[in-house]
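Undergrad: First, the structure itself, so that you have it in front of you.
The values are calculated or read from the model by the stated rules, or taken from the named source; none is laboratory data. Since we're looking at a predicted model, the values are computed, not measured. Backbone-built Cβ (ideal geometry, glycine too); neighbour counts: all protein chains shown. We work out accessible area using only protein heavy atoms, side chains counted, and drop any ligands, DNA or RNA first. Shrake-Rupley method; radii C 1.70, N 1.55, O 1.52, S 1.80 Å.
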Amino acid sequence: MNAAAPEDHPPSCRDLVGLLAQTDRRAAYAALALGATTVTDVAARTGLRPPAAAAALQKLTAGRIAAFDAATRTYTLRDDTFRLAVQAEVRLTGRGGGDGAGGYFRRGRLTSIPGDPEVRGRVLAVVTASFEPGTTYSEAKVNAICGEWLDDWVSLRRALVDEGLLRRNESGTAYERT
C-alpha cells in the first residue's frame, strides 16, 4: 500500500515549528512576507547567499509554507498552511490543551496506534471521519483509506473494527462506518 503523498495532508503545528526553527528559513519566510518573490529577492533582503536562500525556499516549499510557480519562477506564501495546521491541532487536542492524541500525528499521518484506551479512541475518531456514514466500502477501499493514515494499514483497519467504529460484513468483504 502506498503512503499518501505529503501534499495530501497539511503540516502539523509541530512540523511548522520544525521548519521555522532554522534561522535561514525564518529569514526567507520573513522576506516572502515582505514581498520578495525570487531567490535573488530573498537573498538581497536577508543577506543570505543565493544558494542558502534557494535551500531555505526549497525547504519552505517542501513543507507547504511557500509555493513555487515554475512558469514565473517565483515564490509566494501559502495562505492556508497555518490555519489548516491549527484547525487540525484543535481537532486533535482541544482548545484547552493536549489530550495526548496530537502526539500520534506527524504531517497529517499517524505515527502509531496508541495503547492507552482513551487516547486510542480520540485518535481513531479522527481516522473514522474519513469514512462517510451510510456508505459501504470494499475491503480494498478501506485498506486504501487506512493506508493514507498509517503504513500499517492492516493494524489500523483491525483497530477500527475492534473499537466498533467500522462494521465488517460476515464475509469480510464490505465495511460500513457505525
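Undergrad: If the Cβ limit is 8 Å and pairs must be 6+ apart or interchain, which residue in region 6-24 that is closer than 22 Å to Cys146 by Cα pairs with which residue that is at pLDDT below 75 and among the hydrophobic types (A, V, I, L, M, F, W, C)?
TA: As it stands, the answer is Pro10/Ala88; Ser12/Ala88, since those pairs meet every condition given.
Undergrad: Could you give me the residue pairs with C-beta distances under 8 Å whose first residue belongs to region 42-61 and is more than 24 Å from Pro11 (Cβ to Cβ), whose second residue is hydroxyl-bearing (Ser, Thr, Tyr) wherever it lies, and which are 6+ apart or on separate chains?
TA: Matching pairs, first to second residue: Pro50/Thr40.
Undergrad: Starting from residues that are assigned to a helix (DSSP H, G or I) and open to solvent by 50 Å² or more (accessible area, probe 1.4 Å), keep the ones in region 85-119 and report whichever is modelled with the lowest pLDDT.
TA: The extreme case among them is Arg91.
Undergrad: Against the condition of a type in the set (S, T, N, Q) and at pLDDT 90 or above, how does Ser130 come out, does it pass?
TA: Criteria not met by Ser130.
Undergrad: So, one more: Filter region 142-162 for residues that are crowded, with 20+ Cβ neighbours inside 10 Å and among the small types (Gly, Ala, Ser) and give the result.
TA: Selection gives Ala159 alone.
Undergrad: On the given criteria, is Thr72 at pLDDT 95 or above, hydroxyl-bearing (Ser, Thr, Tyr), open to solvent by 50 Å² or more (accessible area, probe 1.4 Å) and not in a loop (DSSP other than H, G, I, E, B)?
TA: no
Undergrad: Yes or no: region 136-150 includes at least one residue that is under 20 Å from Ser12 (Cβ atoms), assigned to a helix (DSSP H, G or I) and at pLDDT below 85.
TA: no
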